[in-house]
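*Asks:* Take this structure first; my questions come after.
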Amino acid sequence: MRLQNNYLAKLLALSIFVVFVNIVVHTNASSKDALDTNHANFTNQLKLWVAEQQNIEPSKVEPSTNDRRFKIPTCIKDYRFSYPFSGKGTVKAVCDEPAWEAFIRVRSSPKTKSYHGFIYTKDLGKGHILKESDIEMASTTRKLGKLANRADAIIGKSLARNVNASEFIETNNLKPTVVVFQISKLIYKGDYFSADNYRPVTMGIHTVSSNNRFKETILKGSKANQDLYIGEIITSNSIDSPYQAFVARNIIYKGDRITEKSVKLIRFWGKKPAGLVFNRKSLRLTQAGRTIREGDLLRTSDLKPAILVKRGDVVVLSINRGSLQLSVSVEALGNGKKGDIVVFRNPESGETVRGKITGTRAAAGL
């Protein structure tokens, strides 16, 4: 009987001990969970506050709250934060209920700089002329040295290469455009260009050659010097433009005076040769520097200043004396072109006088 009572007493004591251990373990676990929750709430509130103060993302804030010895109470209200010092490396945290405060060291990563620009809205090919619907604004943290950031500098430009949707637009891929002229109707050699057989089109300057770039006025009144097919871009080499030039009516010997009676103006087609005489004024007071055959084109190199006064010619010499003007006939003692200074002799008195050649057998006294 006594052994049975001792056994029951020991069993009761063991049961009480087990219950006590379970209570202690449960209490410690609950306390740990509460501390973890307090730590998470406190850290989250602190990061949000610092992020707002410094205008950065909360993920960039690193508070020194990881030390397990740092116990954070369950605060009935939100924590209050402030910078207690001039710098922003320390934050003062205050809990009003229960009363509690702490100083927390805080580090924050530098604010990430954003670069604003534009991206392509779709895949586009080389030479495409960009429209407003082809681009949209976007930002990136990756620094692009040639990022295009103005819509007006993008729209209307031509792509230098193929691009993909969402790719950032860079200025070195944007080329200026030029207006060229495309055949819209079959043109045969010798046909005139007109608004019915060609149209202006805009293309990237890098997609056409220099021979494709010319003013439309060149086409006015011009002919095609070869067959041109629909879709072709007109080149300056395929254009015969009209021009006029002087040709000799008959043979003009070297030294002969050139006048409008000895030449005629004729229309030609093709590229205008350099050095031809097109202007009537160029013929004034000139003589042939070589013998020019009938039908030959007149070149500026063929024209020499004409000798207007020859030795022995009788020349009208004009002499101004204030408001009085005198004219006297004198004999030229030398040859002279317009502007030359020549010595003349008065046949009556035998005196000599100098004068400046002004025209054919005419001079002005000096």
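The values are calculated or read from the model by the stated rules, or taken from the named source; none is laboratory data. Here the structure is a predicted model, which means the values were calculated and not measured. Counting neighbours? That spans all protein chains shown, and the Cβs are built from the backbone with ideal geometry, glycine included.
*Asks:* For Thr141, which of the numbered conditions (1) in the same structural domain as Gly127 (by TED's automatic domain parsing); (2) within 25 Å of Gly125 (Cα to Cα); (3) out of contact with any Asp or Glu (no Cβ under 6 Å at 6 or more places or on another chain) fails to hold?
*Replies:* Of the numbered conditions (1) in the same structural domain as Gly127 (by TED's automatic domain parsing); (2) within 25 Å of Gly125 (Cα to Cα); (3) out of contact with any Asp or Glu (no Cβ under 6 Å at 6 or more places or on another chain), the odd one out for Thr141 is (2).
*Asks:* Let me ask another. Looking at Ser194, Ser166, Ser184, can you tell me which residue is polar (S, T, N, Q) and at positive phi?
*Replies:* Selected residue: Ser166, the only one of Ser194, Ser166, Ser184 that is polar (S, T, N, Q) and at positive phi.
*Asks:* May I ask you to list pairs of residues, at least six apart or on different chains, whose Cβ atoms are under 8 Å apart, with the first in the range 185-203 being under 24 Å from Lys131 (Cα atoms) and the second being assigned to a loop (DSSP other than H, G, I, E, B)?
*Replies:* Here the result reads Arg199/Ser184; Met203/Gly127, each pair linking the range 185-203 to a residue that is assigned to a loop (DSSP other than H, G, I, E, B).
*Asks:* I'm checking my understanding of the structure. Among residues of the range 144-191 that are of a type in the set (Lys, Arg) and over 18 Å from Tyr120 (Cα atoms), which one is farthest from the chain's Cα centre (by Cα)?
*Replies:* That would be Lys189.
Matching residues to (1) within 12 Å of Thr43 (Cβ to Cβ); (2) touching a strand residue (DSSP E or B) at 6+ places or on another chain (Cβ under 9 Å); (3) not assigned by TED's automatic domain parsing to the domain that holds Asn41:
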residue: Lys60; (1), (2), (3): no, yes, no
residue: Thr65; (1), (2), (3): yes, yes, no
residue: Arg69; (1), (2), (3): no, no, no
residue: Ile72; (1), (2), (3): yes, yes, no
residue: Lys77; (1), (2), (3): no, yes, no
residue: Pro84; (1), (2), (3): no, yes, no
residue: Gly89; (1), (2), (3): no, yes, no
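*Asks:* Restricting the search to the range 183-206, which residues are closer than 13 Å to Ala224 by Cα, surrounded by 13 or more Cβ atoms within 10 Å (Cβ to Cβ) and not hydroxyl-bearing (Ser, Thr, Tyr)?
*Replies:* If the condition is that a residue be closer than 13 Å to Ala224 by Cα, surrounded by 13 or more Cβ atoms within 10 Å (Cβ to Cβ) and not hydroxyl-bearing (Ser, Thr, Tyr), then Ile183, Lys185, Ile187, Asp191, Phe193, Asn197 are the ones that fit.
*Asks:* I need the full set of residues from the range 55-73 which are surrounded by 14 or more Cβ atoms within 10 Å (Cβ to Cβ) and either out of contact with any Lys or Arg (no Cβ under 7 Å at 6 or more places or on another chain) or under 15 Å from Trp100 (Cα atoms) (or both), in order please.
*Replies:* Residues satisfying the conditions are Lys60, Thr65, Ile72, Pro73.
*Asks:* Next question, about the same structure. Could you pull out every one of the strands (runs of 3 or more DSSP E) wholly within the range 246-339 that has 2 or more residues that are surrounded by fewer than 16 Cβ atoms within 10 Å (Cβ to Cβ)?
*Replies:* Qualifying strands (runs of 3 or more DSSP E): 263-269, 303-305, 314-321, 324-332.
*Asks:* Inside the range 236-245, can you point out the residues that are surrounded by 14 or more Cβ atoms within 10 Å (Cβ to Cβ) and not charged (D, E, K, R)?
*Replies:* Ser236, Ser238, Ile239, Ser241, Tyr243, Ala245, listed by residue number.
*Asks:* Ile233 fails exactly one of the following numbered conditions: (1) surrounded by 14 or more Cβ atoms within 10 Å (Cβ to Cβ); (2) out of contact with any Phe, Trp or Tyr (no Cβ under 6 Å at 6 or more places or on another chain); (3) modelled with pLDDT under 95. What is the number of that condition?
*Replies:* (3)
*Asks:* Among the listed residues Val328, Val316, identify the single one that is β-branched (Val, Ile, Thr), in contact (Cβ under 8 Å) with a residue 24 or more places away in the chain and touching a strand residue (DSSP E or B) at 6+ places or on another chain (Cβ under 9 Å).
*Replies:* Going through Val328, Val316 in turn, the sole match is Val316.
*Asks:* May I ask you to verify whether Phe344 is outside any loop (DSSP other than H, G, I, E, B), over 30 Å from Lys189 (Cα atoms) and at pLDDT 90 or above?
*Replies:* Answer is yes for this residue.
*Asks:* Okay, next question. For the range 47-92, which residues satisfy the criterion of being modelled with pLDDT under 85 and among the aliphatic types (A, V, I, L, M)?
*Replies:* Ile56
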